[in-house]
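Below is one structure, written out as structure tokens; comments come after it.
Bear in mind these aren't lab numbers, they're just calculated from the coordinates by the rules spelled out. Please read all numbers here as calculations on a predicted model, not as lab measurements. Glycine also receives a Cβ, built like all others from the backbone with ideal geometry; neighbour counts cover every protein chain displayed.
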Amino acid sequence: MTPVESGGYRSRRTLEDNESRQLAPSASCSAQSRGRLYPEKEHEFRTAYQRDRDRVVHSRAFRRLQYKTQVFVHHEGDHYRNRLTHTLEGAQITRTIARVLGLNEDLAEAIALAHDLGHTPFGHAGERVLAEMLASDGGFDHNRQCLRVVDLLEQRHIDYPGLNLSDETREGILKHGCHWTHPVQLPELLAQRSLEAQVADAADEIAYLNHDLDDALRAEILNFEMIEDLPLLGNLMREIRGQHGAIPDPVFRSWIVRGMIDGLVTDLIATSCARIEAAGLDSSEAVRRQATRTIALSAEVDRARRELKSFLFDRFYNHSTVLSRTRRAESVVGDLFRVFCEDPARLPEGVRERFSGEGEARAIADYVAGMTDRFALAEHRKILGSDAGIDF
Ligand code: MG
């Protein structure tokens, strides 16, 4: 049965027409997409970017985010964030900002949902080790790995590798440009990326600063007194106490985070709106040719953001409890990479088959990087024994 444009049914063409009528001139319209690496027939009722988002959500790498560390390892508590919940919180903030600015919410969401697919087990600790081990073999970086996941490592088609995402979503994944060899054609990169990509970046940081603060308070690595002198936070805490008096800690904590997210997002929207207008941005191409990013916080709030970030580095990410876990995580990832290099027979056949095309080190790095925390720990125990000195 061919769907008909009646009874409220909206075809892709209707959605595309709506986009060109309703979105801001600086937004990315899906009908103007630069396309995919491997041309495909358009979908009847989903736009190019909606399909990208759906492909990311249905990918294996996306499901694995559930068992990858944000800061706390998964079994340390059921209420701490993992990469999946971080990604969902970031995507939710992304959608809010994109909608208010009249940008393409579907593209921004696709980028936000994909942005951490290249993370190794144990977060940045695993990334640091692989970068060291691959120093003379082209290096390792989670953004690059993310593009490898969506372009090469996911298997969804018999004719080509990867998810075959649109050029705009792939551009959004490349946060810091591309300084490495990539086996398939890279997305087009100009001075800046689309506003949707810039929003996803900004929302990622707003999400992690706030949920990491929340998790650090929950874990009692930080307490309310320690954060009271920080700009933004101090005023917000005094305001909440002034209005509501004594409130239970869990409620106070969640109101602090809620107020912080709201304050940062509101400032980002107002500042970015003014910048779009001042620069007269009338197309997504004009955005890409700008010398600097358009999506930004005001100078004052940005200073406060930087202060909160460096406070979290000093007092949370580099706290002895977190650091000792980081060191153990580095040992697990380092041991696995070394063992597989020394004895490739331990690898699944599918990984060894990739040696000739990718080189041994890169194929092993792809395999280790794809592991979840718990799979990496189980492999480590299986290969090196339970007394290998790794006790999480
Ligand atoms: Mg992130």
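Observations on the model:
- For A296, the residues 5 or more places off, or on other chains, whose built amide H falls under 5 Å of its own are S272.
- Leading residue at positive end of dipole, the chain (Cβ point charges), from P231, A345, V332: A345
- Highest mean first, the peptides 97-106, 199-208 sorted by other C-beta atoms within 10 Å per residue fall in the order 199-208, 97-106.
- In sequence order, the stretch 34-41 has phi-based couplings of 6, x, 10, 4, 10, x, 9, 5 Hz under the Karplus curve 6.51 cos²θ - 1.76 cosθ + 1.60, θ = phi - 60°, and Gly or Pro positions carry x.
- Cα-centred dipole magnitude for the chain, charges only on beta-carbon of K, R (+1) and D, E (-1), debye, nearest 20: 300 debye
- Computed over the chain: relative contact order in percent, which uses C-alpha pairs under 8 Å that are six or more apart: 20 percent
- Helix runs (DSSP H) in the chain reaching 24 Å along axis by Cα, Kyte-Doolittle at least -1.0: 83-100, 195-218, 249-278, 320-342
- Peptide packing for 209-216, 87-94 was compared via the average number of neighbouring C-beta atoms within 10 Å per residue; ordered from the highest value, the list is 87-94, 209-216.
- Extending 7 Å from the Cα toward the beta-carbon at both E307 and E225 defines two label points whose distance is 2.1 nm.
- With R₀ fixed at 30 Å, the C-beta to C-beta distance from R315 to E132 puts the FRET efficiency at about 0.70.
- Highest-fluctuation residue, A197, A110, A299 considered, GNM on the chain with Cα pairs under 10 Å: A299
- With 32 Å as the limit on Cα-Cα distance, the pairs of K68/K175; K41/K68; K309/K382 that go past it are K41/K68; K309/K382.
- Inter-centroid distance (Cα atoms) of the stretch 145-200 relative to the stretch 47-70, Å: 14 Å
- Note on the chain: helix-only mean residue ellipticity at 222 nm, from DSSP H runs of 4+ residues weighted -39500 (n - 2.57) and normalised by residue number, equals -17500 deg cm²/dmol.
- Ranked by the mean number of other Cβ atoms within 10 Å per residue, highest first, peptides 143-151, 373-381, 241-249 order as 143-151, 373-381, 241-249.
- Given in Å, the Rg to one decimal and the Dmax to the nearest whole number for the Cα atoms of the chain are 22.3, 66.
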